[in-house]
Amino acid sequence: MQFRSWMVAALLCAAFGVHAQTVRVANQGDALSMDPHSLNESLQLDVTANVYDPLVTREKDLSIGPGLATSWKQTSPTVWRFELRKGVRFHDGTPFTADDVLFSMARTQAEGSDMKSYTNDFKAVRKVDSHTVEIETNKPFPILPSMLSRVSIMSKKWCEDNQATRPVDRRKGVENAASFRANGTGPFRLRERQPGVRTTFVRNNSYWGKIEGNVQEVVFTPIGNDATRVAALLSGEVDVMEPVPVQDIERVNASPSARVLAGPELRTIFLGMDQKRDELLYSSVKGKNPFKDKRVRQAFYQAIDIDGIQKTVMRGASRPTGLMVGPGINGFDASQNKRLPYDPEASKKLMAEAGYPNGFEVTMNCPNDRYVNDARICQTVAANLARIGVKINLAAETKGTYFPKVLRRDTSFYLLGWTPSTVDSHDPLNAIMSCVDDKGTGQFNLGAYCNPKVDELARKVQAETDTAKRNAMIREAFQIHQDDIGHIPLHQQALAWGVSRKVDIVQRADNNVSFKLITVKK
């Protein structure tokens, strides 16, 4: 372990040295691409959000504010008009105009895009003049500005000049110029990209907005090994890192050089099951799909000792949940947040009633470098399910191979995490719980759960402006999903960032690390 720590320290020091306004950021995984439309994964979107801007941005308290659009209004129930910021230039000096907005919105719907669920209800995007655009939706869409906070605007000219008019398709392992280079309007420029090794960003001194921090350079380094990542923080070779392993929080806080910033996170960790195929891809059951039977899904659910996971695996740093959203998300109802009881004996009876008295074998896909203790959660779930006769073949792997696999639905049983980027229940209803179509609805419903009534409610939730009516619809949709055992929610994990005592940083509940808000103390 000491040798590993020494190697990380040597790499970091040799690569970029140390000076007062360089901040070294480490994470257990890497952003898989610099293309902001190629993967709807929060780490990648958070990293690229330092380089690219959306029309509407998120403030420190997660409220929305002006980004590349200075104002917006509804001109009719289905039309939004956005006034664009003038005088903005991309990092290569190209002026930002309405043409870039039209291009970027179309790009999110192109083949290979992982951002279709954000713009799938757009009927048309029109240029009114050089700095005004209109977005027309198929139905009234009162939360549209909030949806756009995750949609980065790219340079039409740069993408055309660099043959990057379509996003790279992470499912197929395809790359293009936008994978390794970037040209945004954001507060930082991409200087160097070495996938899996190091990515360096430098301050954009021509940025249109305010950069509150004093950082001139940010070096982002993936360090997958927990102990090595902690050692790098405590030795001063890393200034900011996450996540801090739950077992190391006390030790970091006791250090004279670092501290832990902890808080609730909006992300829900859950399990999904293939409910579409007539025969599972990776199971001992042939000729049928056991996950199509609700009794099997419920048996899996009630076999999982969520309190044991909270206590032993997460060491208290999680909140067990019965819903696909948690506190802080619009539409969350605490009275509805109830899990089915942990009851292995009931699970055995359900399995027998479904025709599997001796259980069966199935492969479970899981990342080992994306969520807090993700691989250990999956190992514990596998051990729980073994008690009801289910043999889990655990395929735990780095997210670089895990995401392409599960996103092309090459899975039978999987673990995933989801942070509603709009801070609203419509987000998971649309992306995870709606039936899958070819326009981006249900894009991350990887097991293809489908109940037309949930779809109907999700569309009504999107259009409803009366808060009480809207919340009632959300509650009804969530209840149907709970009753169906559409997915198996586990918990909301807690944030734990390791931060040098020489650095000030703003921690948001969506786990976004904004470089422009980091200050190195003098």
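Side notes on the structure shown:
- Net lengthening on full extension, Thr519/Gln216 (0.36 nm per residue, minus Cα-Cα): 108.1 nm
- Rel. contact order, % - alpha carbon contacts under 8 angstrom, at least six apart, the chain: 20
- Take every DSSP beta bridge whose two residues both sit in the chain; close to 75 percent of them are antiparallel.
- Descending Cα extents along the principal axes, region 184-289, whole Å: 61, 40, 28
- Toward the positive end of the charge dipole of the chain, with +1 on the Cβ of Lys and Arg and -1 on the Cβ of Asp and Glu, the farthest Cα among Ile135, Gly93, Phe332 is that of Gly93.
- Prolate/oblate/rounded label for region 73-159 (Cα gyration tensor, a/c 1.5): oblate
- Per-residue [θ]222 nm for the chain (sum of -39500 (n - 2.57) over DSSP H runs n ≥ 4, rounded to 500): -7500 deg cm²/dmol
- The mean accessible area for residues of the chain, using a 1.4 Å probe and ignoring ligands and nucleic acids, is 37 Å² per residue.
- Atom-type composition of the exposed protein surface of region 269-392 places 46 percent of the accessible area on carbon and sulfur (1.4 angstrom probe).
- With coordinates expressed along the principal axes, the C-alpha atoms belonging to region 31-185 extend over 41, 31, 31 Å, beginning with the largest.
- Projected area averaged over orientations for the chain, convex hull of C-alpha atoms, nm²: 23.1
- Built amide H within the under 5 Å cut-off of Glu192, gap 5+: Thr200
- Value of relative contact order over region 258-398, rounded to a whole percent, pairs C-alpha under 8 Å and six or more apart: 25
- Across region 248-332, Cα pairs under 8 Å and at least six residues apart give a relative contact order of 25 percent.
- Here region 238-312 is treated with +1 on each Lys and Arg Cβ and -1 on each Asp and Glu Cβ, and its dipole about the Cα centre works out to around 540 debye.
- The aspartates and glutamates within cross-link reach of Lys123, meaning a Cα-to-Cα straight distance under 13 Å and a gap of 8 or more places when in the same chain, are Glu134, Glu136.
- Of the beta bridges in region 268-410, as assigned by DSSP with both residues counted there, near 10 percent are antiparallel.
- Using Cβ point charges alone (K and R +1, D and E -1), the dipole size of region 48-122 about the Cα centre works out to roughly 240 debye.
- Taken as entire DSSP H runs, the helices of the chain that both span 20 Å or more between Cα atoms along their own long axis and average -0.5 or more on the Kyte-Doolittle scale are 2-16.
- Packing, taken as the mean count of other beta carbons within 10 Å per residue, orders the peptides 106-117, 340-351, 36-47 from highest to lowest as 36-47, 106-117, 340-351.
- Listed by chain and number, the lysines whose alpha-carbon sits under 17 Å from that of Lys210, ignoring those within fewer than 8 places in the same chain, are Lys60, Lys86, Lys516.
The values are calculated or read from the model by the stated rules, or taken from the named source; none is laboratory data. These numbers were taken from a predicted model, which means no experiment stands behind them. Note: ideal-geometry Cβ built from the backbone for every residue, glycine included; neighbour counts use all protein chains shown. To get the accessible areas, we keep the full protein, side chains included, count just its heavy atoms, and leave off ligands, DNA and RNA. Shrake-Rupley method; radii C 1.70, N 1.55, O 1.52, S 1.80 Å.
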